[in-house]
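Asker: Please see the structure below; I have some questions.
The values are calculated or read from the model by the stated rules, or taken from the named source; none is laboratory data. Worth saying up front: this structure is predicted, and the values here are computed from it rather than measured. Heads up, the Cβs are rebuilt from the backbone with ideal geometry, glycines too, and the neighbour counts pull from every protein chain shown. Note: areas computed on protein heavy atoms with side chains; ligands, DNA, RNA excluded. Shrake-Rupley method; radii C 1.70, N 1.55, O 1.52, S 1.80 Å.
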Amino acid sequence: QVQLVESGGGLVQPGGSLRLSCAASGSGFRLYAMAWYRQAPTKQRELVARIASGGSTNYADSVKGRFTISRDNDKNTVYLQMNSLKPEDTAVYYCTAAIPLYTYWGQGTQVTVSS
């Protein structure tokens, strides 16, 4: 069982920045593929960014060049640095941890980009 706790969401003006954190329980963190998803009202949940256990990353086209995913295996934590935020980035952001045959989800953190 892996528990994921996200933090760092909030209200920010367009053009601003936020850093989301996701702390994972357990001792297998360095083996997990970690990712951030988001879901805006009336829209489907979408993958934002992913980082493999080896550190390779991939991003949704809509966030490339603005968002950076990283991980600290010593702290069992994955981060999402979000810069140049836009109103369309408003959503609930979820952290996931993937192991073979199963994906764990966090409870989500709200990000609102508005003036």
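Asker: Starting from the stretch 95-106, keep only residues that are within 15 Å of Asn76 (Cα to Cα), then list their pairs with residues that are open to solvent by 60 Å² or more (accessible area, probe 1.4 Å) and part of a strand (DSSP E or B) whose Cβ atoms are within a distance under 6 Å, requiring at least 6 positions of separation or different chains.
Answerer: Thr96/Trp105
Asker: Residue check, Val48 against (1) free of Cβ contacts under 8 Å to residues at least 60 places away in the same chain; (2) open to solvent by 20 Å² or more (accessible area, probe 1.4 Å); (3) not basic (Lys, Arg), all met but one. Which one?
Answerer: The one condition Val48 does not meet is (2).
Asker: Now for a separate question. For Thr42, state whether it is open to solvent by 60 Å² or more (accessible area, probe 1.4 Å), more than 11 Å from Val111 (Cβ to Cβ), assigned to a strand (DSSP E or B) and among the hydroxyl-bearing types (Ser, Thr, Tyr). Even if it seems obvious, please write down each step before you answer.
Answerer: Numbers: open to solvent by 60 Å² or more (accessible area, probe 1.4 Å): yes; more than 11 Å from Val111 (Cβ to Cβ): yes; assigned to a strand (DSSP E or B): no; among the hydroxyl-bearing types (Ser, Thr, Tyr): yes.
In short, no.
Asker: Let me ask another. Could you list, in sequence order, the residues of the stretch 10-31 that are touching a Lys or Arg at 6+ places or on another chain (Cβ under 9 Å) and part of a loop (DSSP other than H, G, I, E, B)?
Answerer: If the condition is that a residue be touching a Lys or Arg at 6+ places or on another chain (Cβ under 9 Å) and part of a loop (DSSP other than H, G, I, E, B), then Pro14, Gly15 are the ones that fit.
Asker: (1) in contact (Cβ under 8 Å) with a residue 12 or more places away in the chain; (2) surrounded by 13 or more Cβ atoms within 10 Å (Cβ to Cβ): which one isn't true of Gly55, the others all being true?
Answerer: It is condition (2) that Gly55 fails.
Asker: Filter the stretch 58-70 down to the residues that are open to solvent by 40 Å² or more (accessible area, probe 1.4 Å) and within 17 Å of Arg19 (Cα to Cα), then identify the one that is farthest from the chain's Cα centre (by Cα).
Answerer: Going through the stretch 58-70, the residues open to solvent by 40 Å² or more (accessible area, probe 1.4 Å) turn out to be 58-59, 61-62, 64-65, 68, 70.
Still in the running and within 17 Å of Arg19 (Cα to Cα): 59, 64-65, 68, 70.
On the way: Tyr59: 11, Lys64: 14, Gly65: 15, Thr68: 9, Ser70: 9 Å.
Filtering the stretch 58-70 for residues that are open to solvent by 40 Å² or more (accessible area, probe 1.4 Å) and within 17 Å of Arg19 (Cα to Cα), the one farthest from the chain's Cα centre (by Cα) comes out as Gly65.
Asker: Let me ask another. When residues of the stretch 51-78 are filtered for being assigned to a strand (DSSP E or B) and touching an Asp or Glu at 6+ places or on another chain (Cβ under 9 Å), how many remain?
Answerer: Residues in the stretch 51-78 being assigned to a strand (DSSP E or B) and touching an Asp or Glu at 6+ places or on another chain (Cβ under 9 Å): 2 in total.
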